[in-house]
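Everything on this sheet refers to the single structure shown next.
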Amino acid sequence: MKVLFATTNLAKIRKYKKELEEKGIELITINDLDFKLDIEESGKNAIENAYIKAKTYYDVTKMPTIGMDNCLFIEELPEEKQPGTHVRRIGGKELNDEEMIEYYANLAKEYGGKLTAKWVYGMVMFNGKGTKEYSWSKSNFYLVDKPCPERNPGYPLDSISVMPENNKYWLELTDEEIKKSKEESNKDGVVEFIANNI
């Protein structure tokens, strides 16, 4: 069965594609369509933005559609400075990957070189009969002021994310550490959520 993942971010697709294929689900992305819609992500949180994406693309394609968004919260920042749903949109400008790395590394520098960060994710499945929502979080990591040289296109903050359990950049983890992290990540239940709600 084909399901549209309303994203152009290939890093998001790679995270779930193989496991979903094993369950007979083929992910299609916006990149696979002949068009791209201009969507204003005006939601107040990750679930609201995920819903906007899923419903907008479902209305046009009539395919079961997944919308996903994430919010970034930083412990040291006051409420008015929280990135929230505007992780890439700073001061009215949409930042590219390198600009994001620079912006958040400089922010970490302002606060002594390290910020305590947490991602909150929202996913919505829209299939024409209704919607299903799912939310989860990933916490306990640091954003630091010195980027590592590695890059993960689509997930630029991986270059300044340090795991507290081993004090390593996310992009410098060994295969074994990545495997362990993925096993933990798979506990987020996303694959099951998608498979059970198509």
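Computed quantities for the displayed model
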{"read-out": "Number of positions in the range 74-117 that are assigned to a strand (DSSP E or B) and modelled with pLDDT of 95 or more", "value": "5"}
{"read-out": "Residue count, the range 117-171 (criterion: of a type in the set (S, T, N, Q) and within 17 Å of I66 (Cβ to Cβ))", "value": "3"}
{"read-out": "Condition met for Y134 (closer than 22 Å to R14 by Cα, part of a helix (DSSP H, G or I) and among the aromatic types (F, W, Y))", "value": "no"}
{"read-out": "Count - residues of the range 130-159 that are at pLDDT 90 or above, over 16 Å from the mean Cα position of the chain (by Cα) and not aliphatic (A, V, I, L, M)", "value": "9"}
{"read-out": "Any hit, the range 176-191, residues being β-branched (V, I, T), free of Cβ contacts under 8 Å to residues at least 40 places away in the same chain and buried (at least 16 other Cβ atoms within 10 Å of the Cβ)", "value": "no"}
{"read-out": "In the range 42-73, the residues that are among the hydroxyl-bearing types (S, T, Y) and either part of a strand (DSSP E or B) or touching a residue at least 40 places away in the same chain (Cβ under 8 Å) (or both)", "value": "Y51, T56, Y57, Y58, T61, T65"}
{"read-out": "Residue that is surrounded by 16 or more Cβ atoms within 10 Å (Cβ to Cβ) and in contact with a strand residue (DSSP E or B) (Cβ under 7 Å, 6 or more places away or on another chain), where the choices are T56, T8, T116", "value": "T116"}
{"read-out": "Residue list for the range 1-41, filter: hydroxyl-bearing (S, T, Y) and either outside any helix (DSSP H, G or I) or more than 17 Å from G122 (Cα to Cα) (or both)", "value": "T7, T8, T29"}
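Yes/no matrix, rows are residues, columns are (1) surrounded by fewer than 16 Cβ atoms within 10 Å (Cβ to Cβ); (2) over 23 Å from S161 (Cβ atoms); (3) of a type in the set (D, E):
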position	(1), (2), (3)
L20	no, yes, no
I28	no, yes, no
D32	yes, yes, yes
F35	yes, yes, no
D38	yes, yes, yes
L107	no, no, no
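The values are calculated or read from the model by the stated rules, or taken from the named source; none is laboratory data. Predicted, not measured: the structure shown is a model, and the values here were computed from it. All Cβ positions, glycine included, derive from the backbone under ideal geometry; neighbour counts span all protein chains shown.
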